[in-house]
Number of protein chains: 2
Amino acid sequence: MFESSTIKDIARALGLSTSTVSRALRDSYEISAGTKKLVTDYARKVHYRPNPNALSLKERKSKSIGIVVSEVANHYFSQAINGIESIANSRGYTVIITQTHESLEREIANVQHLAARSVDGLLISLSAETETTSHLEELHDRGLPIVFFDRIPEQINTHKITADNAKGAFDATTHLIRCGHKRIAHISSSAHLSISKERLDGYTKALTENGLSVDHQYIKNCPHGGMIQEELESVFQELMELEVLPEAIFVAGDRLTIGCMHVLKKLNLLNPTSIAIAGFSNSDVLDLFNPSLTSVFQPAFDMGQLATIKLLELIEAKYPVTEFERKVLNTQLFIR
Amino acid sequence: MFESSTIKDIARALGLSTSTVSRALRDSYEISAGTKKLVTDYARKVHYRPNPNALSLKERKSKSIGIVVSEVANHYFSQAINGIESIANSRGYTVIITQTHESLEREIANVQHLAARSVDGLLISLSAETETTSHLEELHDRGLPIVFFDRIPEQINTHKITADNAKGAFDATTHLIRCGHKRIAHISSSAHLSISKERLDGYTKALTENGLSVDHQYIKNCPHGGMIQEELESVFQELMELEVLPEAIFVAGDRLTIGCMHVLKKLNLLNPTSIAIAGFSNSDVLDLFNPSLTSVFQPAFDMGQLATIKLLELIEAKYPVTEFERKVLNTQLFIR
DNA sequence: AATAACTGTGCAATCGTTCCCGAAACGATT
DNA sequence: AATCGTTTCGGGAACGATTGCACAGTTATT
């Protein structure tokens with residue numbers, strides 16, 4: 001259907017060989033100025049574009065990188081993607097975005113698909129369901145460059161970029177304490193995720209440093225990371241059935257934070273006097289909420305950029321890289 | 001770096017020819033059951049995956065489609081993308097997402113890049129800056145299948161999928177009128193966009209059918225579709241300097257609607273008594289706003305699915321398609 | 001004038017896969 | 001015994017681009 005002209009077409013039309021045309025287009029020194037002009041002019045005329053598949057086949061690289069995130073509708077991830085694209089595109093790489101919707105099955109399928117598509121590297125934030133990472137280890141062992149960001153695994157030794165989740169959680173929880181709340185619940189994504197552990201640590205530290213005890217009845221997990229609204233509703237159900245109700249909740253995730261607000265609204269608890277919420281979120285509309293919401297903002301764009309820079313380092317490295325970095329970027333507390 | 005095993009490797013290891021291996025893997029009738037089993041077992045063992053670049057080169061197709069939208073952070077587009085992916089992935093196609101950020105320059109760059117990447121087809125919603133479409137016409141004339149959705153051009157003759165923008169605008173404006181408002185302003189994206197024209201029509205129709213006059217001082221455009229916040233602020237400045245202030249505003253776009261709320265908040269006008277807002281938006285958090293916001297919801301997921309189905313029809317057509325459809329899907333008014 | 005050096009171009013292999021031919025090997029038919 | 005058909009497999013070209021090597025033709029050097 002959509003035929004582009006090839007080097008062969010140009011060679012035939014101009015009575016030259018394909019090698020001469022190729023060299024002329026790459027501005028090789030061995031081609032005379034006259035021939036070069038002839039070729040480049042004609043190539044422009046027929047809209048010549050090198051076939052990327054042929055190049056990829058020859059060079060054994062595709063100049064593309066794969067992204068695996070939970071969902072693009074999440075503002076944290078869409079901002080991270082913008083950061084990734086800003087670097088990747090400027091370096092001539094195409095970006096293929098895939099979504100797991102927090103499902104391990106889809107994560108595996110996406111990763112397999114990207115590998116089969118022969119991407120040059122992978123940028124991943126794990127799904128909420130992902131506990132084991134053998135599907136990634138195998139690819140990594142076979143030499144595929146991978147950089148993790150946000151939700152990172154412990155097992156695989158490569159570059160990892162995260163926000164300072166413990167600090168962010170500590171700040172948010174401390175803020176709730178300073179507002180006078182003593183019984184602060186914590187709702188988080190699945191317990192095994194790195195971000196969940198780190199944010200739990202920050203939450204716990206804030207409580208203990210302020211002389212408050214950690215009540216495990218107040219700590220709830222959502223194994224599907226808020227993709228299933230019923231999950232969140234039953235968590236609230238459990239919290240509301242406690243003999244002593246929490247006064248505030250620290251929520252550890254973008255989607256969860258929004259989900260909590262919805263549940264509170266449904267339960268008719270969405271008013272300043274009933275329960276206070278603070279949570280991780282990169283949404284740009286939080287200031288329009290009522291009651292408002294104190295939030296922890298992650299430098300998603302910067303994280304995306306940094307992750308991409310490190311990935312391209314791996315991809316374009318002349319020799320195998322053995323020293324890996326673990327970068328931790330600062331979060332920001334927006335008090336509302 | 002990342003080497004997969006090839007048909008050649010398998011052939012060498014098994015003492016067969018590449019043709020035999022290829023045929024065995026494709027379950028050709030000319031290969032004996034024994035050889036087939038030998039080959040498929042070994043292929044599984046070494047994790048054989050056909051090289052997509054080699055396939056693309058041979059088949060002259062890439063099994064990938066390109067998407068061009070304003071930005072994935074927009075809920076309308078992220079929902080549309082989910083619809084697109086649901087169809088494309090199930091049919092074996094990879095999706096490459098690009099963002100214009102409402103810039104014509106980036107739209108041209110993205111389209112060129114996708115064409116050079118030899119995608120099999122294109123799914124586009126035009127940027128706010130796009131007035132002429134020669135960059136698309138050229139590709140379309142050369143045979144690249146394209147389907148437009150949401151923001152569509154008039155010039156190019158192909159499948160086009162939109163929501164019923166006029167109806168949605170009519171409904172929203174009528175609702176504002178029923179609430180008792182008579183002076184209703186209208187803020188829209190750049191005037192030349194199809195969606196802007198259609199939504200303006202619906203707005204105008206609602207006013208005239210209710211015996212209200214159309215005041216052109218009340219109609220404002222944002223040529224950058226809300227990507228530049230100052231643009232929106234100066235629009236408000238102009239509205240607020242009128243001798244007779246509007247009582248309500250109908251906003252014709254997701255990003256613009258959110259932007260308006262921010263400006264109103266900044267101007268301290270975000271309260272139920274000062275000004276009412278209704279607008280197009282697919283955001284899932286509108287019900288958390290205060291004051292709340294009546295919104296027009298577009299069936300973004302369905303639009304994405306439909307657009308993809310029509311695109312795959314074009315891509316996989318045996319003979320050139322000459323009959324094109326213009327599908328218009330219903331919007332939904334959420335009164336809050 | 002003979003050789004060397006350089007300039008400009010073509011040939012052919014290569015990347016991984018498919019597919020059109022051709023060709024053994026074997027049994028069946030005449 | 002010669003022919004035919006089947007089954008099963010291999011050889012090699014093709015897709016588009018790059019690149020080491022070879023080889024004319026020209027100019028410079030001795």
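The values are calculated or read from the model by the stated rules, or taken from the named source; none is laboratory data. No experiment lies behind these values; they were computed from the predicted model shown. Cβ sites come from the backbone with ideal geometry, for glycine too, and all protein chains shown count toward neighbours. These accessible areas exclude ligands, DNA and RNA; they are computed on the full protein's heavy atoms, side chains included. Shrake-Rupley method; radii C 1.70, N 1.55, O 1.52, S 1.80 Å.
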Chain B to chain A by rotation: the residue of B with the beta carbon nearest the axis and the rounded distance in Å are B:N290, 1
Over chain B, with a Gaussian network built from C-alpha contacts below 10 Å, which listed residue (B:R183, B:R255, B:R199) shows the highest mean-square fluctuation? B:R183
For the protein assembly as shown, how big is Rg over Rh, using alpha carbon atoms and the Kirkwood form of Rh? 1.01
Dipole check, the range B:55-106, charges on Cβ (K,R +1; D,E -1), about Cα centroid: among B:I87, B:L57, B:S70 the Cα furthest to the positive pole belongs to B:L57
How far is B:D284 from itself in the other copies, in nm, if each label sits 7 Å out from Cα along the Cα-Cβ line, shortest first? 1.9
Compute the acute angle (0 to 90°) between the alpha-carbon long axis of helix A:194-209 and the principal axis of greatest extent of the alpha-carbon atoms of chain A; round to the nearest 10°. 30
Enter the mean number of other protein chain beta carbons within 10 Å of the beta carbon of each residue in B:46-53, as an integer. 5
Using only atoms on other chains, find how many Cβ atoms lie within 10 Å of each Cβ of peptide B:55-67 and report the average. 3
Counting every C-alpha pair in the range B:7-50, the percent lying more than 15 Å apart is 27
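In debye, nearest 20, what is the charge dipole magnitude of the range A:128-169 about its Cα centre with +1 on Lys and Arg Cβ and -1 on Asp and Glu Cβ, if you could check?
200
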Solvent-accessible area lost in complex, 40 Å² minimum, residues of the range B:1-34 relative to chain alone, 1.4 Å: B:M1, B:F2, B:E3
The farthest towards the positive end of the charge dipole of the protein assembly as shown, of the residues B:H101, A:L176, B:T204, given +1 on Cβ of Lys and Arg and -1 on Cβ of Asp and Glu, is B:H101
Per 5 Å bin, what is the whole-percent P(r) computed from every C-alpha pair distance within the range B:165-297? 2, 11, 24, 26, 23, 12, 2, 0
Rounded to a whole number of µm²/s, how large is the Stokes-Einstein D of the range B:30-164 at 10 °C and 1.306 mPa s, given Rh as the Kirkwood radius over C-alpha pairs? 95
B:C179 and A:N268 label points (each 7 Å along its Cα→Cβ direction) are spaced in nm at 2.4
What percentages make up the Cα-Cα pair-distance distribution of the range A:36-105 when the bins are 5 Å wide from 0? 4, 13, 16, 15, 14, 13, 10, 6, 4, 3, 1, 0
What pairs in A:K58/B:K160; A:K266/B:K266; A:K220/A:K310 have C-alpha atoms more than 31 Å from each other? A:K58/B:K160; A:K220/A:K310
Count, for each residue of A:282-291, the Cβ atoms from other chains sitting within 10 Å of its Cβ, then give me the mean as a whole number. 5
Run the dipole for the range A:7-50 about the Cα centre, Lys and Arg Cβ at +1, Asp and Glu Cβ at -1, nothing else charged, and hand back the magnitude in debye, nearest 20. 120
So how do A:29-35, B:131-137 stack up, highest first, on mean other-Cβ count within 10 Å? B:131-137, A:29-35
Using a probe radius of 1.4 Å on heavy atoms only, what accessible surface per residue do you get for the protein assembly as shown? Whole Å² is fine. 44
Rounded to 0.05, the calculated FRET efficiency for the beta carbons of B:D27 and B:L55 at R₀ = 22 Å is 0.85
Of A:A172, A:A317, A:A252, the most mobile residue in a GNM of chain A (C-alpha springs, cutoff 10 Å) is A:A317
Using a Förster distance of 30 angstrom, determine the FRET efficiency expected from the C-beta separation of A:L104 and A:E154, and round it to 0.05. 0.95
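Could you give the dipole magnitude of the protein assembly as shown about its Cα centre, charging the beta-carbon of Lys and Arg +1 and that of Asp and Glu -1, in debye to the nearest 20? Could the numbers behind the result be given before it?
On the way: 70 positive and 80 negative charges, 453 e Å.
That gives the protein assembly as shown a dipole magnitude of about 2180 debye.
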Choose one answer from A:K58, A:K205, A:K265: the residue with the largest mean-square fluctuation in a GNM of chain A with alpha-carbon springs under 10 Å. A:K58
Across 10 Å bins from 0, what is the distribution of all Cα-Cα pair distances for chain B, in whole percents? 5, 23, 26, 18, 12, 7, 5, 3, 0
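What is the calculated FRET efficiency for A:S86 to B:K37, with r their C-beta to C-beta distance and R₀ = 56 Å, to the nearest 0.05? Please list the in-between numbers first.
Working: r = 50 Å, r/R0 = 0.89.
My answer for the efficiency is 0.65.
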Here the tail fraction of P(r) beyond 17 Å, over all Cα-Cα pairs of the range A:226-336, rounds in percent to 63
Where labels lie 7 Å past Cα in the beta-carbon direction, separation of A:E241 and A:S213 in nm: 2.3
Which distances in nm, rounded to one decimal and ordered from shortest, link the label point of A:I335 to the equivalent label points in the other identical copies, with labels set 7 Å from Cα toward Cβ? 4.2
State the antiparallel share, in %, of DSSP beta bridges confined to the protein assembly as shown, rounding to the nearest 5. 10
If we hang a label 7 Å off Cα along the beta carbon direction at A:K37, how far is it from the matching labels on the other copies, in nm, shortest first? 7.0
